[in-house]
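Here's the structure, in structure tokens; my notes come after.
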Amino acid sequence: MESITQTLLSTDKDETAKEMLTAFPKETEEVKQRTLTTLLEKVEGCKNIMETPGRYLVYNGDLFEYDVDNMSQIQRVHAFLMNDCLLIATWLPNRRGAVKYKYNALYDLESFAVVNVKDNPPMKDMFKILMFPDSRIFQAENSKIKKEWLEILEETKKKKVVKERHKKEEEVPNSPVRPEVSTNPFDVDEPLESEEAVDLSPEWIQELPEDLDVCIAQRDFEGAVDLLDKLNEYLKDQAVTPRVKELRGKVDERVRQLTDVLVFELSPDRSLRGGPKATRRAVSQLIRLGQSTKACELFLKNRAAAVQTAIRQLRIEGATLLYIHKLCNIFFTSLLETAKEFEMDFKGNTGCYSAFVVWSRSAMKMFVDAFSGQVFDSKESLSTASECVKVAKEHCTQLSDIGLDLTFILQSLLVKDIKAALISYKDIIIEATKHRNSEEMWRRMNLMTPEALTKLKEEMRSCGIGNFEQFTGDDCWVNLSYTVVAFTKQMMGFLEEGLKLYFPELHMVFLESLREVILEATQHVDYSLRCEQESEKKAFIMQNALFLHEMVLPVVEKRFEVGVGKPAKQLQDLKKNLRPMRVNPESTMSVV
């Protein structure tokens, strides 16, 4: 035995040591414990390991540890396999007396799984130890020693399982304990649970915790859930015995580990490439584990992060309308794919649909923030803003094909910015009208060329004023002032763009803006009529007033009614209160 001990303590593990171990395979536990004690004296920081009774050495040897990610060599270690645990010790570069190693880690045999690593030269003779959520890779000196490690590790783990099972069976009393008989007539007799009713001896049940560890480490989530379903089916309607509770405890720990891994798979920190389909695997397994609520929450968080990343990566270049087309295409396409994937994954979980509706609103708010920042905060023209809103509405309508209508949410989120845009453009028109009024000379327009006159007629026809020819004179003259014509074109443009942006929440703001713009022009005409003394010029002013009252205001009123779907009483009252008079010394157009 002295010779065996000296050989095991040698610096290099050679074939002589293996031959001697083979020559003495049936050592007593006492001898093995003494050998372990002698060996552990060479390890720094593991004095308490021998305090566990019955622990003895099974196998030991030198190994090289490699990095799991880049497969680079990390350090040289010495592994001690005992009957219930595995000790990893690192070599000390500067030895202090008899101490050669330093304690690194101690693993219970049930806490890890051993996996063979296929040779891939120059990486060969390796095996992996899997401990969730970590793993370690070791390299043996040659293929023979690697084979010995794999076989002895597997055999030792099985012996420990069998020993614990026998120990549990011995603890079960041979004669059943007679329950105390109750004299209470209201007590209900319950059937006694028989521990003999559940057979946990099948090999697949004994190896189930270890198989679950392997599945989790190898990312075989479906296999892990299949094993759990198989166990649940086997234990269905069985009595709950102490042994079953113990097995359940081990399995529940693996279920928690599996859930943590699946949660990590769905976390936004993971790669967001692949679209919603990339999350299907983890979501489906969480649902099978009875975690449908958590699966729903994580799926929607993952998709929210994906949408936000896609919007953030969209480059702002070129015209605003082009950017909005790209933004709508990215957002609404992603929203449509998410809705379809959600319907597929959570088809049998109707309670999760309310969560998707809430998520859709938050996603829409994210979209509107990006939309408004580019369209409204950058002070784009009202025509550009109306075109952008029109594009967003059209994309939003496409979601109705899958039963998802977010138009109301889009409008409610945009109403504040659109109100501000309408009021801002109204103020611009009023300021421009005031500036032209200040320079008004009440002279007829001379367009100089027939082409210019034809173009003006086309513009007025497009505004809805069909009888404009009655206000044109000889050659290229127009019997209206430049101020009134410019106001008409600007006013009708504001009306058309406002109708494109219109929805019920904007009714009063839009209507009041139209009224203020009209009053600005008509009040100036009324003031000019009252102040002008020259009869010829006063007649010209009255002709402009009649054009506004008889031609422009009816078109505004009718176009508003058609666009909105109901008449505007305020515009009707405004038209009644404007009373143009025929030219005479006291003629005026009163505004009440």
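The values are calculated or read from the model by the stated rules, or taken from the named source; none is laboratory data. Quick caveat: nothing in here was measured; it's all calculated off a predicted structure. All Cβ positions, even for glycine, are placed from backbone atoms using ideal geometry, and neighbour counts span all protein chains on display. We work out accessible area using only protein heavy atoms, side chains counted, and drop any ligands, DNA or RNA first. Shrake-Rupley method; radii C 1.70, N 1.55, O 1.52, S 1.80 Å.
Quick notes on this one:
- Those residues of the stretch 42-87 which are in contact (Cβ under 8 Å) with a residue 24 or more places away in the chain, hydrophobic (A, V, I, L, M, F, W, C) and either under 30 Å from residue 167 (Cα atoms) or open to solvent by 60 Å² or more (accessible area, probe 1.4 Å) (or both), in sequence order: 46, 49, 57, 58, 64, 79, 80, 81, 82, 85, 86, 87
- Criterion violated by residue 281 - all others in (1) open to solvent by less than 10 Å² (accessible area, probe 1.4 Å); (2) over 20 Å from residue 355 (Cβ atoms); (3) in contact with a Phe, Trp or Tyr (Cβ under 8 Å, 6 or more places away or on another chain) satisfied: (1)
- Some residue of the stretch 21-38 being under 19 Å from residue 105 (Cβ atoms), open to solvent by 70 Å² or more (accessible area, probe 1.4 Å) and at pLDDT below 75: no
- Residue satisfying all of: in the stretch 127-171; of a type in the set (S, T, N, Q) and in a helix (DSSP H, G or I); most open to solvent (accessible area, probe 1.4 Å) among these: 143
- Filter pass, residue 108 being at pLDDT 85 or above, touching a strand residue (DSSP E or B) at 6+ places or on another chain (Cβ under 8 Å) and exposed (fewer than 14 other Cβ atoms within 10 Å of the Cβ): yes
- Contacts under 8 angstrom Cβ, first residue in the stretch 329-341 being assigned to a helix (DSSP H, G or I), partner among the hydroxyl-bearing types (Ser, Thr, Tyr), 6 or more apart: 335/360; 339/360; 341/279
- Hits in the stretch 394-412 - residues which are open to solvent by 40 Å² or more (accessible area, probe 1.4 Å) and either more than 16 Å from residue 499 (Cα to Cα) or among the hydroxyl-bearing types (Ser, Thr, Tyr) (or both): 397, 398, 400, 401, 402, 403, 405, 408, 412
Residues checked against (1) of a type in the set (Ser, Thr, Tyr); (2) open to solvent by less than 30 Å² (accessible area, probe 1.4 Å); (3) assigned to a helix (DSSP H, G or I):
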site: 448; (1), (2), (3): no, no, no
site: 451; (1), (2), (3): no, no, yes
site: 455; (1), (2), (3): no, no, yes
site: 458; (1), (2), (3): no, no, yes
site: 486; (1), (2), (3): no, yes, yes
site: 494; (1), (2), (3): no, yes, yes
site: 498; (1), (2), (3): no, yes, yes
site: 505; (1), (2), (3): no, no, yes
site: 509; (1), (2), (3): no, no, yes
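- Test: residue in the stretch 380-393 that is touching a Gly at 6+ places or on another chain (Cβ under 8 Å), in contact (Cβ under 8 Å) with a residue 12 or more places away in the chain and either hydrophobic (A, V, I, L, M, F, W, C) or open to solvent by 60 Å² or more (accessible area, probe 1.4 Å) (or both): yes
- Within the stretch 262-314, considering residues that are acidic (Asp, Glu) and part of a helix (DSSP H, G or I), the one modelled with the highest pLDDT: 297
- The residues of the stretch 457-475 that are more than 18 Å from residue 543 (Cα to Cα) and not basic (Lys, Arg), listed by number, are 458, 459, 462, 463, 464, 475.
- Looking across the stretch 200-242, the residues that are acidic (Asp, Glu) and under 27 Å from residue 127 (Cβ atoms) come down to 203, 207, 210, 211, 213, 220, 222, 226.
- Scanning the stretch 373-424 for residues that are in contact with a Cys (Cβ under 7 Å, 6 or more places away or on another chain) and part of a helix (DSSP H, G or I) yields a count of 6.
- The one condition in (1) under 23 Å from residue 305 (Cα atoms); (2) at pLDDT 90 or above; (3) crowded, with 17+ Cβ neighbours inside 10 Å that residue 352 fails to fulfil: (2)
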